1. Of the residues Q402, Q412, Q406, Q392, which single one is out of contact with any Lys or Arg (no Cβ under 9 Å at 6 or more places or on another chain) and free of Cβ contacts under 8 Å to residues at least 24 places away in the same chain?
2. Looking at segment 252-266, is at least one residue at pLDDT below 60 and assigned to a loop (DSSP other than H, G, I, E, B)?
3. Step by step: first the residues of segment 349-408, then only those that are within 28 Å of V317 (Cα to Cα) and of a type in the set (S, T, N, Q), then the one that is surrounded by the most Cβ atoms within 10 Å (Cβ to Cβ). Which residue is that?
4. Just wondering, is there one or more residues in segment 362-379 that are over 24 Å from D301 (Cα atoms), aliphatic (A, V, I, L, M) and not in a helix (DSSP H, G or I)?
5. Scan G71, G129, G155, G151 and give me the residue that is in contact (Cβ under 8 Å) with a residue 40 or more places away in the chain, loosely packed, with under 12 Cβ neighbours inside 10 Å and not hydrophobic (A, V, I, L, M, F, W, C).
6. Of all residues in segment 90-116, which are modelled with pLDDT of 90 or more and assigned to a helix (DSSP H, G or I)?
Amino acid sequence: MGTSQSTSVAAPRLLRENTGLCSSSEPLNQRKKARGSSSSLATLRRRLLLRRRRSSKCPDHARYMRELLSGCSLAEVSALCEQYEALAALKDLSVQADLARPPASAKKHDLAALFETRVAADVELVYAGACFPAHRAILAARCPYFRQVLGRFPGHGARIGLELRTPGVDAALFGALLKLLYTGELAPHQHDRPLLGRLADEFGGAPNPLEQDLRYLLETGDFADAMLVFTKGNGSSSSSSSSGHSEYGFSSLGTLERPCHKAVLAARSPFFKNLVQRRNRGEELQPERAGLNLATRIVLDESVIPQRFSSVLLHAVYLDEVNLALVCRPLEGGPTSLEDAMELYQIGRFLELDILSQGCEDLILEMLTPNNLATVLAWGARPYGSAWVYRQAVNYLRDEFQPFSQSPVLLQLSAEHLREALSSDFLQVSSQTARSCKHLNIKHYLSMRFFEL
C-alpha cells in the first residue's frame with residue numbers, strides 16, 4: 001500500500017519535470033535546471049536523428065555482408081575469402097601491368113652507345129697501333145689532358161697520335177679509359193688502382209661526375225659545335241638560305257640561337273642523330289669546308305617546337321631533367337603547366353626523346369586532380385596523347401569513384417570514359433551507386449544534346 005502511494009505521488013512530479021511545468025512554489029533555479037536539461041536532451045535527439053539520416057544515405061557494407069553470410073557455412077565463408085584474396089592479387093597485377101612502360105635510356109647509356117657506334121665522331125685518336133674515333137666536346141670537357149692535346153690540333157676529323165708516359169697502358173686499357181670519360185664508370189676488370197693513380201696524375205686528375213661536366217657544357221656553351229635555331233615571327237636568320245627553308249626541311253626564320261654539341265644531341269635523340277649524320281656527309285662532299293670548325297645549324301620551326309621550351313628541351317637532353325619552371329611564360333594568361341606538359345610530351349615524341357616524353361607523363365600524373373580528370377582523359381584518348389597517362393587516369397577514376405559519384409566531376413566525363421570505368425571488375429563502389437551514376441550521366445548527355453539541337 002505504501003508503494004502505491006509513493007508511486008502515485010512521484011508520477012505527477014515526474015510528469016511536471018519532463019514537461020517543464022513546475023508549481024510557483026518551486027525555486028527559480030530548479031525551473032532553469034529543468035529547462036536546461038530538456039533543451040539539451042532535445043538537441044541530442046536532433047543530432048542523433050541527423051546522424052541517422054546521413055548514415056542512411058551511404059551503403060552499409062557491414063549489414064550487406066552480414067545478410068550475405070548469414071546462411072553460409074564456415075567452408076563457404078572460407079572459399080569466399082580465398083576468392084576475394086585472389087581478386088585482390090589480380091587487381092595488383094592489373095595495376096602493375098598498367099604502370100609498365102619501356103624505360104627511357106639514361107644519359108650515360110646513350111653516351112656509351114655513342115662511343116661504341118662512333119656516330120658523329122670528329123677526331124681520331126691513335127694509340128698503340130689502334131684508332132679510336134671520339135668526340136672533341138666530351139673529351140675536352142671531361143679531361144684536362146685531352147683539352148690541351150685537342151687545342152693543338154684544331155679542325156674537324158683531325159688524326160692525332162698519342163704517347164703516354166705511364167708504362168703498362170695497352171690499347172684495351174686506353175679504350176676503357178676513353179669509355180670512362182663517356183659514361184663515368186670503369187669496367188670491373190680494369191680496377192688496377194696503382195696504375196689508375198699514375199694515369200690520373202698524367203691526365204690532370206680523376207674526372208668529375210658525368211652530370212657535372214654535362215651541366216658545364218650546357219651552361220657555358222664551351223666547345224659547342226652545333227647551334228639550335230628557334231624561329232619566331234617574320235624575322236630572318238643571317239645564315240639562312242634565300243628560299244626560306246634550311247636543308248633540314250624546316251623554316252629558317254631564326255630569332256633564338258642556343259649553342260649545343262653534336263655528340264650529345266646525336267646520342268640522346270635519333271632525330272638529331274639523322275640530322276647530324278646528314279650534315280657530316282654534306283661536309284665530306286665540300287673540300288673547302290674540310291678542317292674547319294663550323295657550327296652545325298639546326299633550324300626548328302616555331303609551330304613545331306616553340307622557343308619558350310628551349311631551356312626545358314636542352315636540360316632534358318643534357319641532364320635527364322624535365323623542369324617546367326624553365327618554360328618562358330607570359331606575364332598574364334598563357335597555357336597552364338598541365339597544357340605545357342602535354343605539349344612537351346608531343347615534342348618529345350616528335351624528337352624521339354624518350355626521357356622528355358616520360359618525364360612529361362610523370363608530371364601530368366603528379367598534377368592529376370578531380371578538377372582536370374576529364375581533360376586528362378580526353379587528351380590521353382587522342383592519337384597524339386599518352387596511352388600510359390590514360391591508363392593511370394582510368395585507374396584513378398576507378399579507385400576514387402565514390403567521391404566522384406557525389407561531385408559535379410561526374411557530369412564532365414564522357415560516356416565512353418564512364419562506361420570503361422563502370423565495366424571494370426575493380427570499381428570501388430557499390431552496384432547501386434554505379435547504376436545511379438550511369439543514369440545521371442545519360443540524362444546529362446541527353447539534356448546537353450537537346451540544348452545543342
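The values are calculated or read from the model by the stated rules, or taken from the named source; none is laboratory data. Please read these numbers as outputs of a predicted model, since none were measured by experiment. With ideal geometry, Cβ positions are generated from the backbone for all residues, glycine too; neighbour counts draw on all protein chains shown.
1. Exactly one of Q402, Q412, Q406, Q392 is out of contact with any Lys or Arg (no Cβ under 9 Å at 6 or more places or on another chain) and free of Cβ contacts under 8 Å to residues at least 24 places away in the same chain, namely Q406.
2. Checked against the condition, which is being at pLDDT below 60 and assigned to a loop (DSSP other than H, G, I, E, B), segment 252-266 yields at least one hit.
3. S386
4. Yes: segment 362-379 contains one or more residues that are over 24 Å from D301 (Cα atoms), aliphatic (A, V, I, L, M) and not in a helix (DSSP H, G or I).
5. G129
6. K107, K108, H109, D110, L111, A112, A113, L114, F115, E116, listed by residue number.
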